[in-house]
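For reference, the structure is listed below as C-alpha cells.
The values are calculated or read from the model by the stated rules, or taken from the named source; none is laboratory data. Note that the coordinates shown come from a computational prediction; the quantities given were computed from them, not determined experimentally. Heads up, the Cβs are rebuilt from the backbone with ideal geometry, glycines too, and the neighbour counts pull from every protein chain shown.
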Amino acid sequence: MSNLKWKRGKAQQGITLIALVVTIIVLIILAGVSINMLVGENGIITQVQTAKEENGRTEIIEKIQLEIADKQAENLGTINEEEFYEILGEYGTVSADKTTLTTTEGNYEIAIADIYSGEVEPVLVTTPIESWEYTLNDENKTITLTKYIGTDAKIYIPAYFTIDDNSYTTKIGSTVNNSGIFNGPFATNDILTDIKFDDEIVISDVVLMFKGCTKLENVYNLPGTYTNMYYTFSECRNLVCVPEIVFNL
C-alpha cells in the first residue's frame, strides 16, 4: 500500500513539473508576442514614433508653405529664388543640388518638391540703358531697344527708361545687318539665361527674337502683341519655360 502511494506521489510530481514547463513556455511565447506588438516593425511604439515623426515633418512643411504664401501675397503672386531659399534656410539646410531640405528641428530630410512645386522666378537685374543699343523717338517719347549688349544673365526689361530727365516708353525692335538680314535684339546671345518683360512693353514686328540663345532657359511675360514666331526659339536648346503665347498660335 505504501509503495502505491509513493508511485502516485511521484506521478503527481511529474505532472506538476510538466505543467510548470508548459506554463513557462506559454508565458515566454506570450511575452514575445507582446514585445513584438510593442516594439516590432509594425508595433505600437514604432507606429506611435512614426506618426510623431510624420506629424513633425508635416507641421514644418505647412509652416514653410504658409511663409511662401505670405511672400507671394506681398509680391502679387510671385516669389523669386532669393526669397524662396531664404525662407527654406530658416528651417534647415538646402542640399547642394537644391532638391532636399534637412531641417534643424527633427533632422527631417524633406524633398523640396513636397514643399513647393510652383514657379520660382530667378533674381533678375533691371537693365540700365547702358545695356542696350537703341533708337529714340522724341516726338512719341518712345525708346526702341534693338540689341542687348549687357553682361547680366538674368534680366528684367522695364516699361520705361529715363534719359536726360525724359521718360520713354519701351518698345522692342530689330536690327538689320550689312546683308539686309534682320536680327532680334537677343539673337545669338550666349550669356542670357532668364528674361522677363514688363506688362506694358510693346513689341513691333520682330523676327528671330531669341534665335541662337544657347543658354536661354526661361522667358517670362512675353507680350501678347508679339506674334511673329518664325524661328523665334531656334537653337534655344536649354529652354525650360516656354511662354503661353507659343501654345496659342
Does segment 98-115 hold any residues that are polar (S, T, N, Q), within 14 Å of Ile64 (Cα to Cα) and surrounded by fewer than 16 Cβ atoms within 10 Å (Cβ to Cβ), and which are they? Thr102, Thr104
Taking the stated definitions as given, is Thr46 touching a Gly at 6+ places or on another chain (Cβ under 9 Å), modelled with pLDDT under 90 and farther than 15 Å from Asn107 by Cα? yes
For Leu145, only one of the following conditions fails: (1) outside any strand (DSSP E or B); (2) in contact (Cβ under 8 Å) with a residue 24 or more places away in the chain. What is its number? (1)
I'd like to verify a number: residues in segment 194-220 that are farther than 14 Å from Thr146 by Cα, in a loop (DSSP other than H, G, I, E, B), out of contact with any Asp or Glu (no Cβ under 7 Å at 6 or more places or on another chain) and not aliphatic (A, V, I, L, M), how many? 4
In segment 134-160, anything under 35 Å from the mean Cα position of the chain (by Cα), over 26 Å from Glu81 (Cβ atoms) and not polar (S, T, N, Q) is listed as Lys147
From Tyr160, Tyr148, residue being touching a Leu at 6+ places or on another chain (Cβ under 8 Å) and among the hydroxyl-bearing types (Ser, Thr, Tyr): Tyr148
I need every pair where a residue in segment 70-87 that is closer than 16 Å to Lys196 by Cα has its Cβ under 7 Å from the Cβ of a residue that is exposed (fewer than 15 other Cβ atoms within 10 Å of the Cβ) and of a type in the set (A, V, I, L, M, F, W, C), sequence separation at least 6 or different chains. Asn80/Val123; Glu81/Val123
If I filter segment 224-233 for residues that are within 30 Å of the chain's Cα centre (by Cα), in a loop (DSSP other than H, G, I, E, B), buried (at least 20 other Cβ atoms within 10 Å of the Cβ) and of a type in the set (Ser, Thr, Tyr), do I get at least one hit? yes
For Ile149, are the conditions met, namely being over 30 Å from Ala69 (Cβ atoms), touching a helix residue (DSSP H, G or I) at 6+ places or on another chain (Cβ under 8 Å) and aliphatic (A, V, I, L, M)? yes
I'd like to verify a number: residues in segment 49-77 that are at pLDDT below 90, aliphatic (A, V, I, L, M) and either farther than 17 Å from Tyr108 by Cβ or in contact with a Cys (Cβ under 6 Å, 6 or more places away or on another chain) (or both), how many? 1
Output the number of the condition that Ile157 fails; it satisfies all remaining conditions of (1) at pLDDT below 95; (2) closer than 23 Å to Gly77 by Cα. (1)
